[in-house]
Amino acid sequence: MIPVNEPLIGEKEIAYVTDCLRTGWISSAGRYIERFENEWAAYCGRRYGVAVSNGTVALELALSVLDLPEKSEVILPSFTIVSCLEAVLRNNLVPVLVDCDPRTYCLDVDEVARRITPRTTAIMPVHIYGHPVNMEAILDLAEKHNLKIVEDAAEAHGAECLVNGRWQRCGSFGEVSCFSFYANKNITTGEGGMVLTDDDALAAKLQSRRNLAFGATVRFRHEDRGWNFRMTNLQAAIGCAQLENIDCFLRRKQDMAARYNEGLRDLPLQLPHIEAWAKSTVWMYAIVLDDHAPFAAAEFARRLQEQGVQTRPFFLGMHEQPVYHRLGLFKNTHLPVTERIARLGLYLPSGQAITDEQIEKVIKAVRHVFADAIKAERGAVETF
């Protein structure tokens, strides 16, 4: 079975973790934590990095330090992972969902503009599958309406966006930016995340609240509420080693995408699209079946599984989640692009450790599945 993702762990990662173990600093303090925070912030063009235990809590923590008015509105895409919506709800804010762009799968900026009301206080742009949101347009909207930006860059390590004629890395936009370093990300710490900011006061709040808001002078005297959202030094050691290889990792993603593009170009599929103002990392090689394809994504995935190829489905839109309907949310919401790609989209094996031979096997498997489907359709017509 060709796995949908497999991280690439080398000797440097093993050496750094071993060093960390030998020092005894294996919990949430140690030199690798500080190094990873500083180096990742610098890579993304930020002043401060605050490492946390995963990308989900990064979003929750980031929203908390903005101190947005309770029950004010945050605009975010429906086509995203549940972490984004949960972060909004857990901060006692109101999520306002928008549809996505049919080519990039990122939130539809025009729809964001239409959904802004006097109750809106923030926008959460989520970069999807390695392709950036149109941040120039989002920044313009935020400035015009005095809105905060919580950037979710969990899927866009190393991606770039053209803003005012200058290329800018994802993770550098708005008041706070959030990353995940889960095992399938462009660089990983196994689990782990980080919040980036340029603001001194926000950085201090982030550092305090991720660590139970212990008192600055009297440790067990609390003036604020916090969480235990800390990353361990062991995780940060892996992250430091991974970051040293990020340019190599990103080149491999481009090579992987080029091989898939060439091998799948004449099939009834929408292949990854990259806008002229974006530098996508093609984090996951995401494909969407044409409307006239002989099956939907779930059946496509089943047939590829039979061929020894593991896949993952696209997100089911947040507006279609039963748990939120039970809370009285989004019951009459219809977002056609999100609904369509949720049913017709999946992504192919795209991990850092994938080999050229495995890519060729995946391409052959995809072609075989389509050829079999076409043959079956022709046979059915002839029988009829």
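The values are calculated or read from the model by the stated rules, or taken from the named source; none is laboratory data. For clarity, every value in this text was computed on a predicted model and none was experimentally measured. Cβ coordinates were reconstructed from backbone atoms using ideal geometry, including for glycine residues, and neighbour counts include every protein chain displayed. Ligands, DNA and RNA are excluded from the accessible area calculation, which covers all protein heavy atoms including side chains. Shrake-Rupley method; radii C 1.70, N 1.55, O 1.52, S 1.80 Å.
Data overview
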{"item": "P(r) histogram, all alpha-carbon pairs of the chain included - 10 Å bins from 0, percent", "result": "5, 23, 31, 25, 12, 3, 1, 0, 0"}
{"item": "Segment Arg225-Gln307, length gained on full extension (0.36 nm per residue, minus Cα span)", "result": "24.4 nm"}
{"item": "Kirkwood estimate for the range 223-310, i.e. one over the average of 1/r between Cα atoms, Å", "result": "16.8 Å"}
{"item": "For the range 1-123: relative contact order, % (alpha-carbon pairs under 8 angstrom, 6 or more apart)", "result": "19 percent"}
{"item": "Heavy-atom accessible area per residue - the chain, 1.4 Å, Å²", "result": "45 Å²"}
{"item": "Kirkwood estimate for the range 57-128, i.e. one over the average of 1/r between Cα atoms, Å", "result": "12.2 Å"}
{"item": "Estimated Rh, the range 270-347: Kirkwood, alpha-carbon pairs, angstrom", "result": "14.3 Å"}
{"item": "Viscosity 0.890 mPa s, temperature 25 °C, Stokes-Einstein D of the range 255-384 from Kirkwood C-alpha radius, µm²/s", "result": "150 µm²/s"}
{"item": "Fraction of beta bridges assigned by DSSP in the range 1-125 that are antiparallel (%, nearest 5)", "result": "10 percent"}
{"item": "Local electrostatic count, Lys185, Cβ distance below 13 Å [Lys/Arg +1, Asp/Glu -1]", "result": "-3"}
{"item": "Antiparallel bridges, percent of DSSP beta bridges restricted to the chain (to nearest 5)", "result": "65 percent"}
{"item": "Full-stretch length increase - Arg115, Trp167 - with 0.36 nm per residue and alpha-carbon distance subtracted", "result": "15.9 nm"}
{"item": "Proximal lysines to Lys144, defined as alpha-carbon separation beneath 25 angstrom and excluding residues fewer than eight positions away on the same chain", "result": "Lys71"}
{"item": "Other-chain or far-sequence residues with amide H under 5 Å of Val94's (modelled H)", "result": "Lys71, Ser72, Glu73, Val74"}
{"item": "Order by protection proxy (mean Cβ within 10 Å, highest first), peptides 38-49, 143-154", "result": "143-154, 38-49"}
{"item": "Relative contact order of the range 260-384, pairs being alpha-carbon contacts under 8 Å that are 6 or more residues apart, as %", "result": "31 percent"}
{"item": "Extension reserve of the Asp290-Leu212 stretch, reckoned as 0.36 nm per residue once the Cα distance is removed", "result": "23.1 nm"}
{"item": "Cβ-based net charge around Glu160, under 11 Å, with every Lys or Arg adding one and every Asp or Glu removing one", "result": "+3"}
{"item": "Relative contact order for the range 115-253, counting Cα pairs under 8 Å that sit 6 or more residues apart, in percent", "result": "16 percent"}
{"item": "Cα Rg over Rh - the range 174-259, Kirkwood", "result": "1.11"}
{"item": "Qualifying GluC sites (Glu not before Pro) in the range 52-90, DSSP loop, other Cβ atoms within 10 Å at most 10", "result": "Glu70"}
